Structures are given as C-alpha cells and as structure tokens.
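Working notes, structure below.
All of the numbers you see were taken from the coordinates with simple rules; none came from a lab. Owing to the predicted nature of the structure, the values given are computational and were not obtained by experimental measurement. Don't worry about glycine lacking a Cβ; one is built from the backbone with ideal geometry, like all the others, and counts go over all protein chains shown.
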C-alpha cells in the first residue's frame, strides 16, 4: 500500500507504549545483552530511536518542505546512542523516547500536510531523490525494523535454552540481513 | 544463557500488554493484511498465540510433570486460529490472549517448580526428548518469534511506500526463514 499519513501516525504513536510494555523493568539479561561483537542490545536500540527523533525524521521533513532538493540531509549518526545513552537507565530512555515522539507527532500534525506536500522531494546524501511521503513511511517502517531487531536480540539470549525447538523458531534463523 | 524461570515469566507476562499497545485500534490495513498467499496477518498471529495458551504450553508442561517421556505431546495445530478467530475482532482477541496468559502464568507460579522439576523430560512428537526447562524457554522465545513476525508483516505493507529506503530496512529483507 501507499503511505497513508493517518495510518503512519497511528503506528508511530503506538511504538513508545509498545516498547514500554515490553521492556520496562525486564531483567537486564534480556535488555542489556547483544548478539555478539558490534551488535546492539535492546537498550542501545531505544537510544537509537531517541536519536532518530532528535535528528532524523522531523528535521528531514522540514528540510524537504523548506529547501526541497537543494539541501541534502545531514548524514545520520548510527552510533550516536552509545555516547548519548551513557549513564542512563532503560526506563529513562523509554520516557525520553515517548516524550520526543509525542512532540514530533504534534509538530507533524500541525503541518497539516496535503497530498502535494507529500509529493515534495528532498535529497538523501546517498540514496538520492526521495519524497516526503517516502520519508514518513520510512519513519514507521524504521520503528518496525527495530521492533523486529529487539525481538531477535532478546530471542538470541535463549538460543541454547530452547534446545531442539530452535529449529522451529524463525527468529533464531534471522541474522539481521546486513541491516537491523 | 540458560532458561531462568523468573526471567521467562518476566517476559511472558509482558507480551500481551506489548501487543495490546502496538495493535489495538490500529487501522485494519496494518493488522488485517498478510505477506501474500499462505501467510498470516497480525490478527491471525494473535489467534495463534491464543491457541498456544489453550493447548500448547501449560498442557505440555503438565504432561511432562505427570507422565514424563511415556506420553508424547499431542501435535500442535498451527492453523487452528483460522477457525477459532472467525467472527472475532482484534480487540476481542487481545483481551482473550491477555486473560489466558494471566491464568497460565498464575498456574505456572503455583507449581513452584524446582531445578529438578525443570530438568524433567518429555517427548515431543517429532523433536524427541525435551526438558521442561526447554519447553518454558520456548514459550518465551515463541512470543518473540511472533513479535518478530508481526513487525515484519506490518513493515511489508509499506514495502513500496518507503521507496529507496527499503535497502536500509533489514525487516524488509527478512523472508521468515521458513518459520515465523
């Protein structure tokens, strides 16, 4: 299906509560363990989502609306959360994500975007020409890719514990496909 | 890590609220669309989780504790939800899942399982000998495999809408690995 702004907002508005319900006060052995060297924990992923709220989605939407293709987006720092999450607890990050997401959605709604706005184009530093509609669809799909990743990272912690059932659990065959 | 009963229960107790926060009142275009022929929607998956609560996890745990390896588990019907979810709404299924899960966890806690209980063995109809510990770990990992699947099924709905960003979204490369 095509991006539908109201459906995108429906999904975006639910992610913080879903992650909160899943992760808050879970034992650290679920949330602070990764899949091996150079991989992320659930804690790291929530930090990455926070960084996206701050520097990626709405800032890029505004660049498209204000400058079109003339100003490429600044590159996104995929490792910023390692620095920014230091010293914080997972409940603090979940609160921060919920609050930034709510602010961003309020700002998005206030733009009152019309179909012709959604068709406006911007320039991604490596992908080239993209539309505002594609950016907003990606915001929602990016939530889902990280929910997919969190479920995989947590399942990995029980890789041995499930014994022979591992063969039946698709999540344990998933290696992340080179991306989250 | 090994299965830790208290960590397993921590996770199992959170899944219904996480799915509720993610899915309740989302537009049907997210929750009632699949990935193509012979694949499941988020709605189907919640129905499958309900069927597991009814016929799989605790019933199998009791077979292990009562009969050990002498009585193989009855096979699990992976398509039962198609029949059982008919005529129900997603909010009804979410409520039913939450209520069955709460009852099952109450029953699990009441068993007061000790380490020697967790080491008890049963017989899976195709996998052969399994332990109670492996069964309980699989219950938790099975939640995660279906959260992984739900995030993938929903992301699939925006496969075209994200345009060139699809290359960066791991969830869109995931084909389910022959299992959920």
Worksheet, complete the sentence: Listed residues B:77, B:34, B:160; largest mean-square fluctuation, Gaussian network over chain B with Cα springs below 10 Å, found at B:160
Discussion item. As a footprinting exposure proxy, order B:45, A:150 by other Cβ within 10 Å, with the fewest listed first.
Written reply: B:45, A:150
Response to the item:
Rounded to whole angstrom, the alpha-carbon centroid of the range B:46-120 lies from that of the range A:41-100 at a distance of 39
Worksheet, complete the sentence: Taking a ≥ b ≥ c as the square roots of the eigenvalues of the Cα gyration tensor, with a/c under 1.5 meaning rounded and otherwise prolate when a/b exceeds b/c and oblate if not, the range A:69-115 is oblate
Fill in: Footprinting exposure proxy for B:48, B:7 (fewest neighbouring C-beta atoms within 10 Å first)
B:7, B:48
Fill in: Gaussian network model of chain A, springs between alpha carbon atoms under 10 Å - residue of A:20, A:38, A:104 with greatest fluctuation
A:38
Item to complete: Between the label point of residue A:27 and that of the same position in each other copy, find the distances and list them shortest first in nm, with every label point placed 7 Å from Cα along the Cα-to-C-beta direction.
Response: 4.1
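What is the ratio of the Cα radius of gyration of the range B:51-130 to 2.2 N^0.38 Å, with N the residue count, to two decimals?
That ratio works out to 1.26.
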Practice prompt. Taking every Cα atom in chain A, find the radius of gyration and the maximum pairwise distance Dmax, and write them in Å.
Written response: 17.5, 56
Worksheet item: Going by a ≥ b ≥ c, the root eigenvalues of the Cα gyration tensor, does the protein assembly as shown fall in the rounded group (a/c under 1.5), the prolate group (a/b larger than b/c) or the oblate group?
Response: prolate
Worksheet entry | Cα gyration tensor category, rounded, prolate or oblate, for the range A:112-180 with a/c compared to 1.5 | prolate
Discussion item. Could you identify which residue out of A:121, A:101, A:83 has the top mean-square fluctuation in a GNM of chain A using Cα springs shorter than 10 Å?
Written reply: A:83
Practice prompt. Report, for residue B:107, each distance to the same residue's label point in the other copies, shortest first and in nm; define the point 7 Å along Cα→Cβ.
Written response: 5.0
Discussion item. Using a 7 Å offset from Cα along the direction of the beta-carbon, what are the separations from residue B:38 to the same position in each other copy, nm, ascending?
Written reply: 3.7
Practice prompt. Return the whole-Å distance between the Cα centroid of the range A:122-180 and the Cα centroid of the range B:1-15.
Written response: 22
Item to complete: Would you mind ranking A:85, A:133, A:13 by Cβ crowding within 10 Å, fewest neighbours first?
Response: A:13, A:85, A:133
